[in-house]
Structure formats: C-alpha cells, structure tokens
1. For the stretch 189-212, enumerate the residues that are among the aliphatic types (A, V, I, L, M) and within 19 Å of the chain's Cα centre (by Cα).
2. Spot the failing condition for Gly201; the list is (1) farther than 28 Å from Arg81 by Cα; (2) loosely packed, with under 15 Cβ neighbours inside 10 Å; (3) of a type in the set (Gly, Ala, Ser), and only one is missed.
3. Please find, within the stretch 176-195, the residue that is surrounded by the fewest Cβ atoms within 10 Å (Cβ to Cβ) out of those that are assigned to a helix (DSSP H, G or I) and in contact with a helix residue (DSSP H, G or I) (Cβ under 7 Å, 6 or more places away or on another chain).
4. Just checking, does the stretch 103-125 include any residue being at negative phi, under 13 Å from the mean Cα position of the chain (by Cα) and aromatic (Phe, Trp, Tyr)?
5. Quickly run through the stretch 103-157 and pick out the residues that are assigned to a helix (DSSP H, G or I), surrounded by fewer than 21 Cβ atoms within 10 Å (Cβ to Cβ) and among the aliphatic types (A, V, I, L, M).
6. Check whether at least one residue in the stretch 177-195 is modelled with pLDDT of 95 or more and under 28 Å from Tyr53 (Cβ atoms), and report yes or no.
7. I need the full set of residues from the stretch 139-155 which are farther than 22 Å from Gly222 by Cα and among the hydroxyl-bearing types (Ser, Thr, Tyr), in order please.
8. When residues of the stretch 70-107 are filtered for being without any contact (Cβ under 8 Å) to a residue 40 or more places away in the chain and either of a type in the set (A, V, I, L, M) or within 19 Å of Tyr38 (Cα to Cα) (or both), how many remain?
Amino acid sequence: MQAARVVGVRSQTTNQEGFNTHFVKRSPLIVTGMENMYIDERMLDEIEGGSSYCFHVYEQQHPEVVLGRSRDEEKDVHIERVRMDRVPVLRRIGGGGTVLLAPGVIVISVAGKSSLPFHLREHMNAVNLAVIRSLQALGVRDLSIRGISDIAIGDSKILGSSLYRRKDTVLYQGSLLLNPDLSLVEYYLKHPEMEPDYRRGRSHREFLTSLWKEGYRIPKAGVVQALNETFLQGAPWETRHGFSPHLS
C-alpha cells in the first residue's frame, strides 16, 4: 500500500510540487466547511488519480450548517435564525443527518480505495473504532459505537459520521465534539425526523455531549495529533493481514 497522504495537518518541508510524501498541504489547522468540502473533493480526485489513501483532520472555525445529501433544509433547519445570523447552509456529498459545525468541533475526513465498497456501515465503524482507539490513548473512557455510526460516551453522542461511495472509492466524514457551544445546535437545528433508538426522543441539548463537558479537557492540538498518528498507520478498514474483521 502507498504511504498515507495527509491534508491540512501542519506546515512541513515540501517538494517542488508543493507536497511531501504524506501529502501535507501548507494550510492551517482551522479551515471552513466550504474549504473542507473542496479538500474532500480533491481527496477523491487524488484517490481516483492513483493514490490509495488520504485523510484530513481540522477544527471548524465558524458556525456552518451541513445537510446530508438527501436532507430537506426546511425540515431540519431553523431557516429564519441561520439567515438572521448569516450562518452558511452547505450540503455534503455523503448521506446522514444535518449537523452544525462550529468552533470546538473536530472534523475528520478519510478517503481510500476498497475492494468491498458496498459495506458502508462496516467502513464507517472501522474508522470510528480507530477514533475510539485514539481517544482511549488520551484517557477517554466509556466510549462505544451507537446507532448506525455514532460514537457515544455512555448514553450521549460525541461523534456523528457518514460515508460516500464513488465506484470503489469511499469517503468517511465525521464530526467530533471537543468543546463547542452545544446550545447552538438546538438554536439552529430542529429535532430530526429520524433518530437512533438510544436517543429516546431527547433534545439536542440532552442528547449531545463533548469531551470537555465529560471532564476530558484535552487541548485541540492533542486530539488532532492523536488522530493523525492513528490514521497515518493506514486505512482503518484494512489491516496488514488483509481486510479489517469488521468487513469480513
């Protein structure tokens, strides 16, 4: 397998084309959702152009609502509030529900080739397990995969994710709640039409948590570094001995 390619981690010495062997772009740790969507598209182009795997981890800078591919803005968003506050409403290429990206949210994108691209849930959970291992190494406890592709601490959600497939290329997109203002989620987003069983009708404020709210006051740079180190080991849906057991 080719070396993992990393986008937007930190400035490093680059070659004449502007990239080193890990595809580290000269960009800040903090970008916008619109910029990230451009990077996600570029990652897919990189994969289809011959790269085997790349990823991107960053902290969101400004509030932005991101709709899943098939979600309805009027059903999911308090439109008058986002318009009044000039909060952009974007649409990602992947499925899943509508989310609010804001400062304190760590956004994770992972793209790569897979010979089992139709196993969407298994790919999401393979990446989520890699995220769990990264957080456990930082001392976070009581983590589990809940619903279709959430990560929870106990009974409260700290990460949601989605997956997009294009031929034999898969793109994982996830948002990890480090220390955002969770009241903004309820202010801008309506209660979802569909919800996982473990939510049990709870409001956004009751259902969501963050690492800092749970007492894990880990610096942003520490979380980003831990995730980067994990993803540099290779595509989470593969192992050195073949496919991840989550795809078997």
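1. As a first pass, look at the stretch 189-212 and keep what is among the aliphatic types (A, V, I, L, M): 189, 194, 208, 211.
Leu189, Leu208, Leu211, listed by residue number.
2. The failed condition is (1).
3. Here is the first cut: in the stretch 176-195, the residues assigned to a helix (DSSP H, G or I) are 183-188.
Applying the additional criterion that residues be in contact with a helix residue (DSSP H, G or I) (Cβ under 7 Å, 6 or more places away or on another chain) yields 183, 185-188.
On the way: Ser183: 10, Val185: 21, Glu186: 17, Tyr187: 17, Tyr188: 23.
That would be Ser183.
4. no
5. Listed by number, the residues that qualify are Leu120, Leu129, Ile132, Ala137.
6. Checking the stretch 177-195: at least one residue is modelled with pLDDT of 95 or more and under 28 Å from Tyr53 (Cβ atoms).
7. Passing the criteria: only Ser149.
8. So the count comes out to 4.
The values are calculated or read from the model by the stated rules, or taken from the named source; none is laboratory data. Treat the numbers as computed from the prediction; the structure is a model and nothing was measured. Ideal geometry is used to build each Cβ from the backbone, glycine not excepted, and the neighbour counts take in all protein chains shown.
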